[in-house]
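Encoded as structure tokens, the structure appears first; notes follow it.
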Amino acid sequence: QGSTYGDCAISVFGLIVFQFGFYLASNARNDIPWNMVIVGLFFQQVIALFILKSDAGFKIFRWIATLAQDFLGEAAPAAQFFFDADTIAKHWFFVNTLSTIIFFVAFIQM
């Protein structure tokens with residue numbers, strides 16, 4: 001099931017609404033580099049099309065996602081350093097999130 005033109009129009013309209021909202025919320029509206037904003041939005045669409053419409057793009061980003069999942073999966077055994085096994089087995093959001101953050105920060109600090 002593909003997207004219809006109506007779905008695409010809604011997405012583009014939402015993008016315009018968000019950009020307009022950010023423009024209205026800005027304190028320095030005259031300092032907005034519109035060329036950079038437009039080029040950034042263009043590249044965002046190009047990358048999205050590459051990922052969603054090409055098999056190579058999908059495989060590359062699936063590989064990256066698998067690497068990230070495997071890396072962050074190492075936080076679960078590391079959580080036993082801070083929490084007992086019963087607490088970890090309950091899969092509480094705070095415990096899982098905190099252990100992942102601690103693991104990532106410790107890895108970056110190495």
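Think of each Lys and Arg Cβ as +1 and each Asp and Glu Cβ as -1; about the Cα centre, that makes the dipole of region 45-110 roughly 320 debye. To test your reading of the geometry: what angle, between 0 and 90 degrees and rounded to tens, separates the Cα axis of helix 34-53 from the longest principal axis of the chain? For 34-53 against the chain, the angle is about 60 degrees. Cβ-to-Cβ counts within 10 Å put ILE32, ILE88 in ascending order as ILE32, ILE88, the fewest first.
Note the full-extension length gain between HIS91 and ALA68 as 0.36 nm times their separation in residues minus their Cα-Cα distance, in nm to one decimal.
6.3 nm
Mean-square fluctuations from a GNM of the chain, with a 10 angstrom spring cutoff on Cα atoms, peak among LEU15, LEU49, LEU67 at LEU15.
Which value at 222 nm does the chain reach when only helices count, each DSSP H run of 4 or more adding -39,500 (n - 2.57), with the total divided by all residues and rounded to the nearest 500 deg cm²/dmol?
Rounded to the nearest 500, it is -25500 deg cm²/dmol.
Geometric descriptor of region 14-67, per residue, is 111 Å³ (volume of the convex hull of the Cα atoms). Distance distribution P(r), the chain, all Cα-Cα pairs, bin width 5 angstrom from 0: 2, 9, 11, 12, 10, 10, 14, 16, 10, 5, 1, 0 percent.
In a reduced charge model with +1 at each Lys and Arg Cβ and -1 at each Asp and Glu Cβ, the chain shows a dipole moment near 300 debye about its Cα centre.
Values quoted throughout were computed directly from the atomic coordinates according to the rules given, and no laboratory measurement underlies them. Quick caveat: nothing in here was measured; it's all calculated off a predicted structure. No Cβ is skipped: glycine too gets one built from the backbone with ideal geometry, and neighbour counts run over all protein chains shown.
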